[in-house]
Structure formats: C-alpha cells, structure tokens
Amino acid sequence: MSHPAMFPPKREPQAAVNRIVDSTAIGYVLDDCNAGELMRADTHRLTADDVEKLLRERPGVYGYELVNGELVELMPNSLPHGRVAARLSAEIDTHLRQHGGGRVYVEAGFVLPLAVDSERLRFPDIAYVSAETLATRGGEPETGYARFAPDFTIEIDSPSNTEEDVLQKVQDYLDAGVRLGWVIHVRSRSATVYHPDGSARLLREHDALDGEDLLPGLSIPLRSVLD
C-alpha cells in the first residue's frame, strides 16, 4: 500500500509563541496580542529539545507535535476516542503483566529517527516498546522524550483528525522502524492493520486485533473495544 507523500496543513497554535534565537540561548515569549499565530524570529528549525523546554517553561502552551521543525497542534480527543484508548491500553497492559515482554504507553513522546526529519516528534495514542528494544536503548528515559521508535503503535481515528493526518503518522511510524501499526476507525467500527512492507488489511467489527509475533497470544475482539 502506498502512503501519501504530503504533510497535512499545519494547524496554528492556540497561543502565539515568538521564538528568539541568539548565539548563547533560546528564549520563548508569549504574544497575547496575536494569539493563534506562530511567529518565528528567524529560520532556525525547532528541535524536540526546544519543544520540551518550551512546554516546561510555559505550562499554558501544550499539545503539539513537531514536523519539519514546526509545531503542529494536537486537537483535544473526543470521549469515544478516550474510551477506546483506555480499553486497548488496558488489554495490552493485562497481556504484558501475564506474559511479560515490554511496556505499553499512552500518548508518550517519541522522537522518530527519520532520514527526512530526525527531530520529528510524535505522540502515538498508544505505543508498545518491547523488552528487547528497551534493553538496547538503556531502559526508559528518565526525562524528555524517547529518541527511538516504538515497536508497535495504535492511532484512534476521531472527527478532529483528517485521513491525511492519520496516514502521515502511520507512514512516519513505519519509516522510523515500527513493526506493526493499528488504526482504529471508531465511526465506521473497523480497523486497519499496517506492516512495514506497505501492506494493509481492513478488519470489520466481528474480527479480532492480533498482536502477531510482537505480542504472541494477544487477540482483542474489535467489537469489545468499540462497544
């Protein structure tokens, strides 16, 4: 399956941020007079570390990913989105507690090692990182974002996401090394399973989500997380 090459249009932040860069430091200034517009004092690309610093110093500014050095706003999740995320993460966590094999994360930040954008920061709705990956990466980072790709990601479609948004995220994950991806389509009561070879498979609500070789034995009836 081919994925779209274009990026979705950048959403403007809720609070304007004027990023000032000089030879010694990076500062952030909120501009209350121009809310809703991202202003930049130069052409310097933001990095994931810049985003972490911004969010730490300005608690009122939050909910952004980083694409091509620019902030992209994440829209608030709907109640059905949150319900499905809670059920899926609980199912995976229960499986891991019974069988071991890694950890599951909800909306955790990952800086994806992409050739086209090595600072691309994404927050999958759900991410699984195997014990092997955690071991090779020295365990969970105590601070900041994980600078590696998870092994498995789940995105939950919602009215605030366009199809281009979701497919771009799937492409980013697979290009970064994710081995399995699920997209849950709440409104159509279906799901799509993606693999690194570009193949995709549509599941209906009577089908089951399978952990495959990443999480052997994990089988989640799609209907059970949608109802």
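The values are calculated or read from the model by the stated rules, or taken from the named source; none is laboratory data. Bear in mind that the values here come from a model prediction, so they are computed numbers and not experimental data. Cβ atoms come from the backbone with ideal geometry, glycine included; neighbour counts cover every protein chain shown.
Would you confirm whether or not region 142-152 contains a residue that is under 18 Å from Val84 (Cβ atoms) and assigned to a helix (DSSP H, G or I)?
Of the residues in region 142-152, the ones under 18 Å from Val84 (Cβ atoms) are 152.
Now drop any that are not assigned to a helix (DSSP H, G or I), which leaves none.
No, that holds for no residue.
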Ser224: passes all of (1) part of a loop (DSSP other than H, G, I, E, B); (2) among the polar types (S, T, N, Q); (3) touching a residue at least 24 places away in the same chain (Cβ under 8 Å) but (1)
For Thr162, the lone unmet condition from (1) of a type in the set (Val, Ile, Thr); (2) under 21 Å from His95 (Cβ atoms); (3) at pLDDT below 95 is (2)
Of the listed residues (Leu214, Leu218), the one being surrounded by 13 or more Cβ atoms within 10 Å (Cβ to Cβ) and more than 24 Å from Asn77 (Cβ to Cβ) is Leu214
Note on region 165-188: residues surrounded by fewer than 22 Cβ atoms within 10 Å (Cβ to Cβ) and among the basic types (Lys, Arg) are Arg179, Arg187
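Among residues belonging to region 148-164 that are out of contact with any strand residue (DSSP E or B) (no Cβ under 6 Å at 6 or more places or on another chain) and surrounded by 18 or more Cβ atoms within 10 Å (Cβ to Cβ), point out the one that is farthest from Ala48 (Cα to Cα). Steps first, answer last, please.
Here is the first cut: in region 148-164, the residues out of contact with any strand residue (DSSP E or B) (no Cβ under 6 Å at 6 or more places or on another chain) are 148, 158-164.
From what is left, the residues that are surrounded by 18 or more Cβ atoms within 10 Å (Cβ to Cβ) are 148, 158, 161.
On the way: Phe148: 12, Ser158: 26, Asn161: 22 Å.
Here the answer is Ser158.
I'd like to verify a number: residues in region 189-200 that are assigned to a strand (DSSP E or B), surrounded by fewer than 18 Cβ atoms within 10 Å (Cβ to Cβ) and among the polar types (S, T, N, Q), how many?
Let us first name the residues in region 189-200 that are assigned to a strand (DSSP E or B), namely 190-194, 200.
Of the ones still in play, those that are also surrounded by fewer than 18 Cβ atoms within 10 Å (Cβ to Cβ) are 190, 193, 200.
Of the ones still in play, those that are also among the polar types (S, T, N, Q) are 190.
So the answer is 1.
Which one of these is assigned to a loop (DSSP other than H, G, I, E, B), assigned by TED's automatic domain parsing to the domain that holds Phe110 and modelled with pLDDT of 95 or more: Leu209, Leu215, Leu203?
Numbers: Leu209 fails: assigned to a loop (DSSP other than H, G, I, E, B); Leu203 fails: assigned to a loop (DSSP other than H, G, I, E, B).
Every option except Leu215 fails the conditions.
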Expected single match for within 30 Å of Asp227 (Cβ to Cβ) and of a type outside the set (A, V, I, L, M) among Arg204, Arg147 is Arg204
Residue pairs within 6 Å by beta carbon, gap of at least six or interchain, first lying in region 95-114 and under 23 Å from Val170 (Cα atoms), second hydroxyl-bearing (Ser, Thr, Tyr) and in a loop (DSSP other than H, G, I, E, B), listed first then second, are Gly109/Tyr145; Val111/Tyr145
